[in-house]
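The block underneath contains the structure these notes are about, expressed in structure tokens.
The values are calculated or read from the model by the stated rules, or taken from the named source; none is laboratory data. All values reported here derive from a predicted model rather than from experimental measurement. What goes into the accessible areas is simple: the full protein's heavy atoms, side chains included, and nothing from ligands, DNA or RNA. Shrake-Rupley method; radii C 1.70, N 1.55, O 1.52, S 1.80 Å.
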Amino acid sequence: MIRVLLAEDQAMVRGALSALLNLESDIEVLGSAADGEAAWREVQRIKPDVLVTDIEMPGLTGLELAQRIQRHEMPIKVIIVTTFARPGFLRRALDAGVSGYLLKDAPAENLAEALRMVHRGGRAIDPQLALEAWSEADPLNDRERQVLRLAGEGQSANDIATQLNLSHGTVRNYLSEAIGKLGAANRIEAYRLARQKGWL
């Protein structure tokens, strides 16, 4: 049996995925979580074979969950099922050790097949997205991404400096670097561009 944990913040989608997978004779859904922190607790408690997770969830994102699993060297495969057909997300997911990346508008039977493939040690990546993912590299480093995300959420340079224990000047430097790398006119345009590409 392939033992699965689901992490998805939308109750209807979570219920549908669970019902769908439980129809398969070789797949067992052991539990589900509505946010990233709950999913992390369940991952440690249940120790599933495969975690099926969305990207954007309250608490921790699916990518952060995958990074934690990778950091703790847990033998758990991760499949992301998302609406975000953004190459940048896929690249970051692969860097975090994710084994599968499927879009929610893919045929339902693709998920069970992806679970089997990943459980056997393979990868299951949406083919169109896989091609696009290598067409354009993410120009931002982790700190620029962090600062730009906070700026895009409406925080001032002073707020960001306090939150990240940086000087005001350092925050301004990171922001201008990010704006320059993205060829944007200002921080809002840079944030919008980076979000669109899946780099935030």
Checklist outcome for this item: accessible surface per residue for segment 53-100, probe 1.4 Å, DNA/RNA/ligands not counted, whole Å² -> 40 Å²
Item to check | For segment 30-105, radius of gyration divided by Kirkwood radius, i.e. Rg to Rh on alpha-carbons | outcome: 0.93
Checklist entry - Which value in Å does the Kirkwood hydrodynamic radius of the chain take, with 1/r averaged over all unlike C-alpha pairs and then inverted? => result 17.8 Å
Next on the checklist: Suppose only helical runs count, i.e. DSSP H with n ≥ 4. What mean residue ellipticity at 222 nm does that imply for the chain under -39500 (n - 2.57) per run, divided by all residues and rounded to the nearest 500 deg cm²/dmol?
Outcome noted: -15500 deg cm²/dmol
Next on the checklist: With every protein chain kept in place and ligands, DNA and RNA left out, what is the accessible area per residue of segment 139-183? Probe 1.4 Å, answer in Å².
Outcome noted: 53 Å²
Checklist entry - What percentage of the solvent-accessible surface of segment 142-197, computed with a 1.4 Å probe over protein heavy atoms, is contributed by carbon and sulfur atoms? => result 42 percent
Item to check | Amide H contacts of S32 (H built 1.01 Å from N, under 5 Å, at least 5 apart or other chain) | outcome: L6
